[in-house]
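The values are calculated or read from the model by the stated rules, or taken from the named source; none is laboratory data. Nothing here was measured: the structure is a model prediction, and the numbers come from that model. Every residue, glycine as well, gets a Cβ built from its backbone with ideal geometry; the counts of neighbours run over all protein chains shown.
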Amino acid sequence: MTYSIIAQCPQTGAFGGAVGTSSLAVGNRCLHIAHGIGAVLSQHRTDPRLGEQGLALLAQGQSADAVMKSITQAPNIGWRQLAVLDPAGQSAVHHGDQLYSITTEAAGPKCIAIGNILDNDRVTAAMIEAFMANPNDRLELRLVQALEGGREAGGEILEPLHSAALRVSGSDGMDRCDLRIDRADEAVTALKDLLAAYGNQEDMLRNVAFQPETVPVARSMFDASVKRIAELGLEDRFPTARRRADWTLRG
C-alpha cells in the first residue's frame, strides 16, 4: 500500500526521495537519505532501523548490492520491501516472500521506484517515466511528479494516498527540503501544494541556521512583542524596546 522513489541529482549530487501510502504519517519511517552517501527505502510492515543500517553501510563505501545483502539478514525480512541507491547510481531491491500483493520495481539512471499492494504492475514504471520526463526541473519537483505518475497509473489498489513525504539532501548537512503530509484526503496533491508554498524558503532557512544575524526580524512581530512586554510590565526582564537598535527590522 506504499509506493516510493529515491534518486540522485546528477548536477548537485543531492539524494532525495518521495513516498506515499494510505496509512498515516509515512514520513516518519520509510525514507532515509544522506548527502553524497545514498538513499534507502524501507516499507511494507516497515522497520525503519533497516533504513538507518543501510545508510551506515553506504557511509562505509559499500555498494547497493552489498548493503542489501547485509540488511536482508535481519529477522522478519520476508515482510519487508527495500530499495538501496548508492553514489555510483547502482540500485538493489528486496521484495519479501510474505508480500501477497502486486509488488513491483522500476529503475532509471540514478533512480529506483518500488511499490506494494498496487492496482497493477505498471505503477512503478510510470513513476520512473514521470521522474525522467522533465530532467531540468529541480529534484524535489521531479520526485513529486513521480508520485503523480504512480497515482495516475493506478496507485494503490483500494485507497488514495493519505500521507506522503519528500526529502532532498543538502551539502552542508541541512536538507534542502523535508516536507510531510501526515494526513490528507489526497496526499500527493497536498504535498505538491506544500512544495509550492515552501517555494524559496530554503535559502532563508539556511541563513537562519548558519548566518542568523543576516536575517531581519519581522517588524509586526517585533512591535507586537514590545507592546505585550509593556502591557505585562516585563520591561526589566525583556528590555527589547531599549535594545531596539540591536535588531534589523523588515516589513
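Scanning region 136-156 for residues that are closer than 15 Å to residue 191 by Cα, aliphatic (A, V, I, L, M) and in a loop (DSSP other than H, G, I, E, B) turns up nothing. When region 1-47 is filtered for residues that are surrounded by 21 or more Cβ atoms within 10 Å (Cβ to Cβ), touching a residue at least 60 places away in the same chain (Cβ under 8 Å) and among the polar types (S, T, N, Q), the ones remaining, listed by number, are 2, 4, 8, 21, 43.
Scanning region 203-245 for residues that are more than 30 Å from residue 168 (Cα to Cα) and under 37 Å from the mean Cα position of the chain (by Cα) yields 219, 220, 221, 222, 223, 224, 225.
Taking the stated definitions as given, is residue 152 touching a strand residue (DSSP E or B) at 6+ places or on another chain (Cβ under 7 Å) and among the acidic types (Asp, Glu)? In short, no. The residue pairs whose first member lies in region 109-122 and is farther than 22 Å from residue 38 by Cβ and assigned by TED's automatic domain parsing to the domain that holds residue 144, whose second member is buried (at least 18 other Cβ atoms within 10 Å of the Cβ) and among the acidic types (Asp, Glu), and whose beta carbons are closer than 7 Å, counting only pairs six or more residues apart or on different chains, are 117/156; 118/156; 119/156. Pairs meeting the criteria (first residue in region 217-243 and in a strand (DSSP E or B), second residue polar (S, T, N, Q), beta carbons under 9 Å, at least 6 apart or on different chains) are 217/248.
Being charged (D, E, K, R) and either assigned to a helix (DSSP H, G or I) or more than 19 Å from residue 20 (Cβ to Cβ) (or both) is not true of residue 159.
Evaluating residue 164 against the criteria (1) under 27 Å from residue 37 (Cα atoms); (2) in a helix (DSSP H, G or I) leaves one unmet condition, (2).
Just wondering, is there one or more residues in region 118-125 that are surrounded by fewer than 24 Cβ atoms within 10 Å (Cβ to Cβ), modelled with pLDDT of 95 or more and in a helix (DSSP H, G or I)? Checked region 118-125: at least one residue is surrounded by fewer than 24 Cβ atoms within 10 Å (Cβ to Cβ), modelled with pLDDT of 95 or more and in a helix (DSSP H, G or I).
In region 56-68, is there at least one residue being closer than 23 Å to residue 151 by Cβ and among the β-branched types (Val, Ile, Thr)? No - not one qualifying residue is present in region 56-68.
Screening residue 88 on (1) under 21 Å from the mean Cα position of the chain (by Cα); (2) surrounded by 18 or more Cβ atoms within 10 Å (Cβ to Cβ); (3) more than 22 Å from residue 144 (Cα to Cα) shows it passes everything except condition (2).
Considering only region 56-79, I want to know if a residue exists there that is touching a residue at least 40 places away in the same chain (Cβ under 8 Å), farther than 20 Å from residue 153 by Cβ and assigned to a helix (DSSP H, G or I). Within region 56-79, none of the residues are touching a residue at least 40 places away in the same chain (Cβ under 8 Å), farther than 20 Å from residue 153 by Cβ and assigned to a helix (DSSP H, G or I).
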